[in-house]
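Okay, so here's the structure we're looking at.
The values are calculated or read from the model by the stated rules, or taken from the named source; none is laboratory data. Remember, predicted model here, so these are calculated numbers, not experimental data. Note: ideal-geometry Cβ built from the backbone for every residue, glycine included; neighbour counts use all protein chains shown. Calculation scope for accessible area: heavy atoms of the full protein, side chains included, ligands and nucleic acids excluded. Shrake-Rupley method; radii C 1.70, N 1.55, O 1.52, S 1.80 Å.
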Amino acid sequence: MYGAAAVAYPTPPYLIGSANDGKGNLTALDLTAVGLFAMNVWPRVPYDIRVADFNGDGIPDVISSVYSATNIDSWDYLYFGNADGTFTQDTTFGMSYSAPDGSGFRGRTESIVVADFNNDGAVDIFLPTYTYLDWQFELSQQPVLFQSPGAPPNVYNARQSFLLLNDGTGKFVERAVQAGVSMHSRLSGLVPDSTDPDGIQPEGAQAVDFNMDGLIDLYVGGHLFINQGVDAQGVPHFKDMAASYGLTAAVLRAAPPWAPGNFLGPSLLVTDEGALFLDWNNAGHLGLLLFRWDLGSARGARLFEFTGTQFIERTQALGSASATCKQPGSGNEMFFSATTPFGSPGAAGISAYDLDNDGLEDVLVSGDAGGSVVFRNTGCGFVEVSAGPLSGKPGASGGMALADLDGNGTIDVIYPSTTGVAYYENTSSQGNHSFTVEVLGSKGEHNQFGRVIQVFPPGSTQIYTRVVDGGSGYLTQNQYPILVGTPFSGTHNVKVYFAPLAKCVYGGPPCQPVVLNFAISPGQRAEAYAPSVAYPAGRAVIQ
């Protein structure tokens, strides 16, 4: 499981490939004994993994992607979890899909996203795959990636990205072209045209109900695909709204603030080595955190703040007081203030969570040779801080996962490095300043990836906006239940934005969510259930 970290959702959670004794003591498992070793057998090149209950039996399952040219016999694997903790491979997975290079979902796939995109209660899969087929975009110039010269397509990439719709039993049909998220090149021969006539090099991706209308949207490859509802065949349809929200090609290809000359030239495709939505200043809007490959920076986090209508990149820390910024600086400080020098070239992912339970989400950058960086959210901006042995740790392709592994109310870190996967325990003493919201299906299913909650702390204008993680950042999947840190005591009001019972039809009126309201205090745990016939407004159980 090269460079990937995914956390299963039992409480306390555990890293796939390990067992948790309930106190945060992780024991590595024999992948052969549990049935997962085949994903590592050459020539298969495993890359990302995701965890979800795909067949509806209540047991976590695993999907593993590959990073290989399509002419290599290497494709994505699906494993169903068994009650005894082992896994069984579904050898039929993807075999009904056939492309010129063979059956199965092939190609260079970095991140995986899981979510219920058509609101039928089953967890679907999105596989963002390199789809450019012209050699001019292939920076490595490796001969193994090229087909016979002279006749396009001449690069062994996938013809499309894949949207796999689940029938509820773990059987999938591919519908990305119909849904509008295939991002295929004109050289693929697929019709109609896609959003990417030259193809794309997608890496970081996330599913999230961005506009909180009850439909799960998708950010990938510079596109913000807003879900427009499902057609009569149950296929969701997406519209790319990135440019209308200010995420134009010019903005995304522009130089980052720390390297003014490092814009993306015409031979480079938009590549986000990390993409994550977060409400950095508790304003009630989800901004977009990106790590764009920039030829060397291991601290390349960029934050596009959402105003409610537009994304605007924030490059400087706040210079005046706000609800979260209690001690503003002069206004000339960098928004991400780092003390370590730029790292050496290499990939890097990002993730975010409130590490000190102050109600503000902090950012972790996972560098390759350059080493990791932890940015503390001050409410005015982000400042690099020491994180003990985690600071400056060389990574393994950017993956990391964040979860409360010992159940003490603070978030811990799983960090794959070049020397193995390490577990970093959070030694903060602020575990009494958090509560948990577990967003569930109407029958208690873990199928609400991408759902959004908003928390309103007492005596404050702040709004904590948080997302159920179905894969975000880069090669990472954080814990399923949302751990909410807060410096406030007393009752917090919570809103959970669920899909409505009635299907949101493509071409019909705008979808309207069902909003579940309840109250919770630090130290408590809430199970928030989706609407049902018996409970059309949903229901909350507080423990």
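Table for the structure above
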quantity	calculated
Candidate set: segment 413-425, residues that are in contact (Cβ under 8 Å) with a residue 60 or more places away in the chain and among the aromatic types (Phe, Trp, Tyr); chosen: the one surrounded by the fewest Cβ atoms within 10 Å (Cβ to Cβ)	Tyr423
Segment 229-288 - residue that is part of a loop (DSSP other than H, G, I, E, B) and β-branched (Val, Ile, Thr) and, of those, surrounded by the fewest Cβ atoms within 10 Å (Cβ to Cβ)	Thr248
Whichever residue in segment 485-504 is over 14 Å from Phe435 (Cβ atoms), open to solvent by less than 80 Å² (accessible area, probe 1.4 Å) and of a type outside the set (Phe, Trp, Tyr) and, among such residues, is farthest from the chain's Cα centre (by Cα)	Ala502
Pair list, Cβ < 7 Å and 6+ apart or interchain, from segment 226-241 residues that are under 10 Å from Gln178 (Cβ atoms) to residues that are of a type in the set (D, E, K, R)	Val235/Arg175; His237/Asp231
Search result, residues across segment 446-468 that are assigned to a loop (DSSP other than H, G, I, E, B) and either open to solvent by less than 30 Å² (accessible area, probe 1.4 Å) or at pLDDT below 95 (or both)	Asn447, Gln448, Phe449, Gly450, Arg451, Pro457, Gln462, Val468
Residue tally, condition of a type outside the set (S, T, N, Q) and open to solvent by less than 10 Å² (accessible area, probe 1.4 Å), over segment 169-199	7
Among (1) open to solvent by 10 Å² or more (accessible area, probe 1.4 Å); (2) outside any loop (DSSP other than H, G, I, E, B); (3) within 22 Å of Leu303 (Cβ to Cβ) - the single one Pro389 does not satisfy	(3)
The one condition in (1) surrounded by fewer than 24 Cβ atoms within 10 Å (Cβ to Cβ); (2) touching a Phe, Trp or Tyr at 6+ places or on another chain (Cβ under 9 Å) that Val114 fails to fulfil	(1)
Selection status of Thr436, assigned to a loop (DSSP other than H, G, I, E, B) and open to solvent by 10 Å² or more (accessible area, probe 1.4 Å)	no
Any pair with Cβ under 6 angstrom, 6 or more apart, that starts in segment 130-145 at a residue that is farther than 17 Å from Arg106 by Cβ and ends at one that is buried (at least 16 other Cβ atoms within 10 Å of the Cβ)	Trp135/Asn154; Trp135/Val155; Phe137/Leu269
Close pairs (6 angstrom Cβ cut-off, 6 or more residues apart or separate chains): surrounded by fewer than 22 Cβ atoms within 10 Å (Cβ to Cβ) in segment 397-412, modelled with pLDDT under 95 and charged (D, E, K, R) anywhere	Asp406/Lys23
Qualifying residue in segment 128-147 (condition: under 21 Å from Val208 (Cα atoms) and buried (at least 24 other Cβ atoms within 10 Å of the Cβ))	yes
Test: residue in segment 472-479 that is hydroxyl-bearing (Ser, Thr, Tyr), buried (at least 23 other Cβ atoms within 10 Å of the Cβ) and in contact with a Leu (Cβ under 7 Å, 6 or more places away or on another chain)	yes
Check on Thr32, β-branched (Val, Ile, Thr), more than 23 Å from Ile350 (Cα to Cα), surrounded by fewer than 16 Cβ atoms within 10 Å (Cβ to Cβ) and at pLDDT below 95	no
Failed condition for Ser428, given (1) open to solvent by 10 Å² or more (accessible area, probe 1.4 Å); (2) among the polar types (S, T, N, Q); (3) not in a loop (DSSP other than H, G, I, E, B)	(3)
Search result, residues across segment 352-374 that are touching a Leu at 6+ places or on another chain (Cβ under 7 Å), among the aliphatic types (A, V, I, L, M) and either over 19 Å from Asp272 (Cβ atoms) or open to solvent by 10 Å² or more (accessible area, probe 1.4 Å) (or both)	Val374
Qualifying residues in segment 207-228 (those that are among the polar types (S, T, N, Q) and open to solvent by 10 Å² or more (accessible area, probe 1.4 Å)) - the one nearest to Phe449 (Cα to Cα)	Asn211
Count - residues of segment 194-227 that are out of contact with any strand residue (DSSP E or B) (no Cβ under 6 Å at 6 or more places or on another chain), closer than 19 Å to Leu269 by Cα and not small (Gly, Ala, Ser)	6
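Yes or no, residue by residue, for (1) more than 26 Å from Tyr130 (Cα to Cα); (2) surrounded by 23 or more Cβ atoms within 10 Å (Cβ to Cβ):
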position	(1), (2)
Pro12	yes, no
Gly24	yes, no
Pro46	no, no
Val51	no, yes
Ile59	yes, no
Asp73	no, no
Phe80	yes, no
Gln89	no, no
Tyr97	no, no
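Table: residues versus (1) surrounded by fewer than 17 Cβ atoms within 10 Å (Cβ to Cβ); (2) assigned to a strand (DSSP E or B); (3) modelled with pLDDT of 95 or more.
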site	(1), (2), (3)
Gly444	yes, no, yes
Leu483	no, yes, yes
Cys511	no, no, yes
Val515	yes, yes, yes
Pro522	no, no, yes
Ala528	no, yes, yes
Ala534	yes, no, yes
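This table checks each residue for (1) free of Cβ contacts under 8 Å to residues at least 24 places away in the same chain; (2) outside any strand (DSSP E or B); (3) closer than 19 Å to Gly395 by Cα.
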residue: Gly3; (1), (2), (3): no, yes, yes
residue: Ala6; (1), (2), (3): no, no, yes
residue: Gly24; (1), (2), (3): no, yes, no
residue: Arg44; (1), (2), (3): no, yes, no
residue: Asn71; (1), (2), (3): no, yes, no
